[in-house]
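Before any comments, here is the structure.
All of the numbers you see were taken from the coordinates with simple rules; none came from a lab. From a predicted model like this one, the values you see are computed outputs, not experimental measurements. Note that we place each Cβ from the backbone using ideal geometry, even for glycine, and neighbour counts take in every protein chain shown.
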Amino acid sequence: MKETLATAAARNLSDEDRDMLRRLALATGEDGPRAALDMGLRDRLCAEMAEMADAVRSLLALLDRHDAVAALPERALPAYQDVMERIGSAALRATDLVDRSRTLDRDTLLALAPAEARTTLQ
């Protein structure tokens with residue numbers, strides 16, 4: 001269904017966008033619209049990012065339980081703080097990207113769906 005909708009919507013694109021989809025199809029060996037709108041791929045990516053975030057949280061909890069930071073030499077504390085800030089910043093950006101990806105999937109489905117199906121998808 002998703003592929004049919006994506007292919008139908010591709011007919012309404014500009015020549016430049018259709019050319020991009022043709023090149024994408026050649027590069028991936030898949031249908032261009034399907035490759036461009038592969039919501040399953042983004043969904044799996046989001047799931048893996050969530051798993052990675054959960055693993056980082058578990059690691060940090062483990063380090064905290066065993067007071068690992070206290071065992072660090074004083075000179076290592078700035079590097080530890082830098083790593084913690086990077087993890088926090090990356091987590092915020094990843095959360096935003098996951099939210100945007102899911103919104104894009106929903107909006108794409110709504111835009112491509114026939115009018116009678118839109119109320120069901122919302």
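Using 0.36 nm per residue, how much length does the chain from Thr103 to Arg75 gain when fully extended, once their Cα-Cα distance is taken away?
So the extension gain works out to 5.7 nm.
Sort 59-67, 95-103 by the packing proxy (mean of other Cβ within 10 Å over each peptide's residues), most packed first.
Packing proxy ranking, top to bottom: 95-103, 59-67.
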